[in-house]
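Taking it in order: structure first as structure tokens, then the write-up.
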Amino acid sequence: MTGPASVGFAAVVDATRSPHARLRPLSVPAVRLEGEFWGPRLARNAEVSLPTQWEQLESSGCLDNFRRVAGTVDRPHRGFMFADTDLYKWIEAVSWELSRGPRPALEERLEQGLALIEGAQQPDGYLDTYYALERAGARFTDLRDMHELYCLGHLVQAAVAHHRATGSERLLAVARRFADLVCAVFGPAESGRRVGLDGHQEVELALVELARETGEARYLEQARFFLEARGHGLLDGGFYGREYYQDHQPFRALELLAGHAVRALYYSAGLADLYLETGDPSLLQTLTRLFDRMTSRQLYVTGGLGSRHEGEALGADFELPNARAYTETCAAIGSMMWCHRMLAATAEPRYADLLEHTLYNALLPGWSLDGQGYFYVNPLQDGGTHRRQPWHRCACCPPNVARTLASLSGYAYGATADALHVHLYAQGSARLELAGRPVELVQRTRYPWDGRVELEVNGEGDFGLFLRIPGWVQTRPQLSVNGQAAEVAATPGTYVELRRRWRRGDRVELLLDMPVRALASHPHLLENTGRVALMRGPLLYCLEGQDHPAHALLDLELDLRQPVRAEWQPTLLGGVVVLRGRAEGCEPEEAWRGALYRPASAPSADRGAPVELTAVPYFAWANRAAGPMQVWLRARLGP
């Protein structure tokens, strides 16, 4: 570490001084995401989700847990032992919002939250409302299950965000006192400190960010200790065994991610952070190996991760059930966090591809269109009972969604000293310095509904502009500069480089074709045999029963011999592109005469009249009346 980051560079991951970063993420307030898709959504997060989440923090008892420690209320602790993190994530989200400008109503509540946290901290720096009173003598006695260091991690991330957004050291001082206590208690055996680690990863990546923010190398070393200690049996026992905590093997020996999905992804993000600071090649080699295995054998078509309700866990290779998919919303966020750091480390476009895919198809489904409901679990098939809730007893997902959306602009671009990488296409702008000169890049687009992206360069100088050509692109994109075709290879799954002496007002136009794509799955995914999933651009689609009231979704067979067309519906689900196609009914139920099994034979030719099929974006399902939903559709490919 070479010194503290400058106050005001409000990046989610400040890799400015990270010696092994190939790209530096931009500051959250340096980028504006606007337009018809992201503009209303990000406003809704600030104006609806965050205020209603504060109300839930109050009604759930989270805020009272802090008050009782300060002695202003007298009642038992309520909620999970790690409920403190609900407030910390909320504060992080509000801080990112404030980095863009004042929001008086949120600032008033933020002030209340900061005061509650300060009032609950113990004289030695310890801060955990579950242990502060009745369990004061039991600190750090059950690191495996009780999440004290996990709580510290979210406190640190909130404090760093607050400091970067406001310049205030108020919450940062609280977080550092607790972090200093932990650094004094835990460490290698030869140091005379206690060898231990938390059952839920989070503190590791937070401590790396605290080191970046303060310039204190000891926080980085503490993160390294916690990361390197995992995999040696310190978390023995527990209902699901050591694999649940990723404590079954040292990291470099892992061949696949296993156990609790969110923990595994936070672990990977923390190790990517450690690589950015140390350059240890074995870390990057292992992270790459695990990423390759995950994306080829463990990843849902939504981008979701975690196939087992038991242990909220990642499954074995090709274990990807649809109706029983767990795919926790927090796991989607963990995947984005990991991809964001791998982008900084490698500048490889596949990490941006998965980041974008996960954003649209695994994070956004966890948040209702009105900004007041949340999925914890995100199945790919449902009978009509799964509905978003305004809060959850384990409320990790709602404020996690809020902080990710509030900081989303910080994921959209990456930069070097003389080049800007465009990771995400969205109406808006980015301001930064390139080759020693100020530059503003303005995007105009209807993406993800339309593949036309116009970029205006407001600045001058010699620098590079790298545009991501998504891996889903099937035909060569059209690319021009000031109306002249660009003589560069725009290959899907790469960044195309435009390097020139730019003049103010130069315009780049990129046209990505967005045909409807029917995806098949690996043959080892037996549940999806004979089925396809529909995508257009970056968006995954699904069927809802509301659009097909006369038919069971399981009985509809999409006829891929006929074209599937895209159609803009401005009044449906806040304005979406739907897909229209032709389907046929499968063999009628009566033909089975109540039997569950029968001798294999040719199906009945009686399929009934053709049906017009309507598919909606998966992120928008369950925002209307309750009813069945299905992603993987029976398909007829041949004659």
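The values are calculated or read from the model by the stated rules, or taken from the named source; none is laboratory data. All values reported here derive from a predicted model rather than from experimental measurement. Because the Cβ atoms are built from the backbone with ideal geometry, glycine has one as well, and the counts that use them run over all protein chains shown.
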Original post:
Has region 178-189 got at least one residue that is of a type outside the set (Phe, Trp, Tyr), buried (at least 21 other Cβ atoms within 10 Å of the Cβ) and assigned by TED's automatic domain parsing to the domain that holds Thr141?
Top reply: yes
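This table checks each residue for (1) more than 30 Å from Gly215 (Cβ to Cβ); (2) part of a helix (DSSP H, G or I); (3) touching a helix residue (DSSP H, G or I) at 6+ places or on another chain (Cβ under 8 Å).
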| residue | (1), (2), (3) |
| --- | --- |
| Leu127 | no, no, yes |
| Tyr130 | yes, no, yes |
| Leu133 | yes, no, yes |
| Phe140 | no, no, yes |
| Arg144 | yes, yes, yes |
| His154 | no, yes, yes |
| Gln157 | no, yes, yes |
Original post:
Among the residues of region 566-573, is there at least one that is assigned to a strand (DSSP E or B), without any contact (Cβ under 8 Å) to a residue 40 or more places away in the chain, closer than 30 Å to Leu363 by Cβ and polar (S, T, N, Q)?
Top reply: yes
Original post:
Do you know which residues across region 285-298 are in contact (Cβ under 8 Å) with a residue 40 or more places away in the chain and either within 21 Å of Ala217 (Cα to Cα) or touching a strand residue (DSSP E or B) at 6+ places or on another chain (Cβ under 9 Å) (or both)?
Top reply: Gln298
**OP:** Go over the candidates Leu305, Leu299 one by one and state the one that is of a type outside the set (Gly, Ala, Ser), under 16 Å from Ile333 (Cβ atoms) and touching a helix residue (DSSP H, G or I) at 6+ places or on another chain (Cβ under 7 Å).
**Re:** Leu305
Subject >> All positions within region 129-168 that are charged (D, E, K, R) and at pLDDT below 95 >> reply: Glu134, Arg135
Original post:
Could you list, in sequence order, the residues of region 624-633 that are surrounded by fewer than 18 Cβ atoms within 10 Å (Cβ to Cβ) and in contact with a Lys or Arg (Cβ under 8 Å, 6 or more places away or on another chain)?
Top reply: Ala626
**OP:** Among the residues of region 553-565, write down those that are over 19 Å from Gly627 (Cβ atoms) and in contact (Cβ under 8 Å) with a residue 60 or more places away in the chain.
**Re:** Glu557, Asp559, Leu560, Arg561
**OP:** Being assigned to a loop (DSSP other than H, G, I, E, B) and free of Cβ contacts under 8 Å to residues at least 24 places away in the same chain is the filter here, so list the residues in region 20-70 that pass it.
**Re:** Gly61
Original post:
Among (1) under 13 Å from the mean Cα position of the chain (by Cα); (2) part of a loop (DSSP other than H, G, I, E, B), where does Pro399 come up short?
Top reply: (2)
**OP:** Would you check which residues across region 62-91 are at positive phi and crowded, with 18+ Cβ neighbours inside 10 Å and list them?
**Re:** Gly79
Original post:
Could we say that Val496 is within 30 Å of the chain's Cα centre (by Cα), buried (at least 16 other Cβ atoms within 10 Å of the Cβ) and in contact (Cβ under 8 Å) with a residue 40 or more places away in the chain here?
Top reply: no
**OP:** Check whether at least one residue in region 240-257 is in the same structural domain as Arg170 (by TED's automatic domain parsing), modelled with pLDDT of 95 or more, on the phi < 0 side of the Ramachandran plot and polar (S, T, N, Q), and report yes or no.
**Re:** no
Original post:
Pick from Ala430, Ala415: which is within 25 Å of Leu106 (Cβ to Cβ), among the hydrophobic types (A, V, I, L, M, F, W, C) and not in a loop (DSSP other than H, G, I, E, B)?
Top reply: Ala430
Original post:
Going by the structure shown, is Gly119 modelled with pLDDT under 95 and in a helix (DSSP H, G or I)?
Top reply: no
Original post:
What is the number of the single condition among (1) touching a His at 6+ places or on another chain (Cβ under 8 Å); (2) surrounded by fewer than 14 Cβ atoms within 10 Å (Cβ to Cβ) that Pro538 does not meet?
Top reply: (2)
Original post:
Among all residue pairs at least 6 apart or on different chains, which show Cβ distances below 7 Å where the first residue, located in region 584-599, is surrounded by fewer than 10 Cβ atoms within 10 Å (Cβ to Cβ) and the second is hydrophobic (A, V, I, L, M, F, W, C) and not in a loop (DSSP other than H, G, I, E, B)?
Top reply: Arg598/Trp592
